[in-house]
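Chemist: Structure provided below as structure tokens; questions to follow.
Derivation of every value follows stated rules applied to the coordinates shown; laboratory data play no part. Since this is a predicted model, take the numbers as computed values, not measurements. Methodologically, a virtual Cβ is constructed for each residue, glycine included, from the backbone with ideal geometry; neighbour enumeration extends over all protein chains shown.
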Amino acid sequence: MREIDLIEIRRGDITKIEADAIVNAANEGLLGGGGVDGAIHRAAGPELDKECRTVRTERGGCPTGGAVMTGAGRLPCRKVIHAVGPVWRGGAAGEAALLASCYDKSLALAEAAGLESIAFPNISTGIYGYPKTEAASVAIEATIGALRTRRSIGKVIFVCWDEENFELYRKELERRRQRT
Ligand code: AR6
């Protein structure tokens, strides 16, 4: 099977997804916040916050471009992977590599934990201001690249909260399917 055929796009709320892991668009302090981070922490309950505080104390949080894994509290998934996307600063500050790294490191953590399915939000495209078209391309490219070596992962779901991202992902995948 081609890597691209392991990718699915859905519209909706990532907190409702029953994948082995969902990815959170977190910040370096892992302190929770707005956007999808706020939604995940609200739905997971206080246990998630407690685990994040432990990671913060023990490891000083998570650098931009990195990812850490915790339990999932009351969420229907098994694990939460907190990835820290870059703040958009115009594109010349290494944003694309840092964003790609979020997807790559999240998939590496999932594979190392023996997880088979993982759901991503559109990291950095909200509060952090990354242009959505470019972010969709980076996310799909990095995911396909990682899936070539992370063979245990059988499904990646991109969960798009807004219609614009959903359409961008749909078109980007369609374009790549026709090319391969
Ligand atoms: N399910 C799926 N996607 C969602 C949901 C949801 N429930 N809610 C929002 N989105 P953002 P960032 C989409 O701002 O840009 C936080 O305060 C949203 O439409 O959540 O990486 C963190 O603590 C957008 O497309 O994350 C950080 O400080 C995408 O999720 C900062 O925001 C990402 O938007 C991270 O900013």
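Chemist: To test your reading of the geometry: what angle, between 0 and 90 degrees and rounded to tens, separates the Cα axis of helix 46-59 from the longest principal axis of the chain?
Modeler: 90 degrees
Chemist: Apply the Debye scattering formula to segment 4-57, with a single equal point scatterer on each alpha-carbon and no solvent, then give log10 I(q)/I(0) at q = 0.18, 0.24 Å⁻¹.
Modeler: After summing over all Cα pairs, the log10 values are -0.65, -0.99.
Chemist: Follow-up question, since we're still on this one. Among DSSP beta bridges lying fully in the chain, give the percent that are antiparallel, nearest 5.
Modeler: Once the DSSP bridges in the chain are tallied, antiparallel ones form about 25 percent.
Chemist: Now a separate question. For segment 85-180, which GluC sites (Glu not before Pro) are in a loop by DSSP, counting at most 15 other Cβ atoms within 10 Å?
Modeler: Within segment 85-180, the qualifying GluC sites (Glu not before Pro) (loop, at most 15 other Cβ atoms within 10 Å) are E116.
Chemist: Also, I was wondering about something else. Any idea what the alpha-carbon Rg over 2.2 N^0.38 Å comes to for segment 3-179?
Modeler: 0.94
Chemist: Under 22 Å from the Cα of K16, which lysines turn up, not counting those fewer than eight places away in the same chain?
Modeler: K50, K79, K155
Chemist: Follow-up. With each run of n ≥ 4 DSSP H residues scored as -39500 (n - 2.57), what mean residue ellipticity at 222 nm is computed for the chain after dividing by its residue count and rounding to the nearest 500 deg cm²/dmol?
Modeler: So the helix-based figure for the chain works out to -14000 deg cm²/dmol.
Chemist: Report, to the nearest 10°, how far helix 132-149 tilts away from the longest principal axis of the Cα atoms in the chain, using its own Cα long axis and a range of 0 to 90°.
Modeler: Its long axis makes an angle of about 90 degrees.
Chemist: Report, to the nearest 10°, how far helix 35-44 tilts away from the longest principal axis of the Cα atoms in the chain, using its own Cα long axis and a range of 0 to 90°.
Modeler: Between helix and principal axis, roughly 50 degrees.
Chemist: When the dipole is taken about the Cα centre of the chain, and only Lys, Arg (+1) and Asp, Glu (-1) are charged at their Cβ, what size is it in debye, to the nearest 20?
Modeler: 260 debye
Chemist: Using Cα centres only, tell me the gap between segment 28-83 and segment 85-163 in whole Å.
Modeler: Segment 28-83 and segment 85-163 have Cα centres separated by 17 Å.
Chemist: Continuing with the same structure: Count charges around K132 for me, please; just the other residues with Cβ under 9 Å from its Cβ, Lys/Arg as +1, Asp/Glu as -1.
Modeler: -3
Chemist: Among M1, M69, what is the fewest-to-most ranking by other Cβ atoms within 10 Å?
Modeler: Neighbour counts put them in this order, fewest first: M1, M69.
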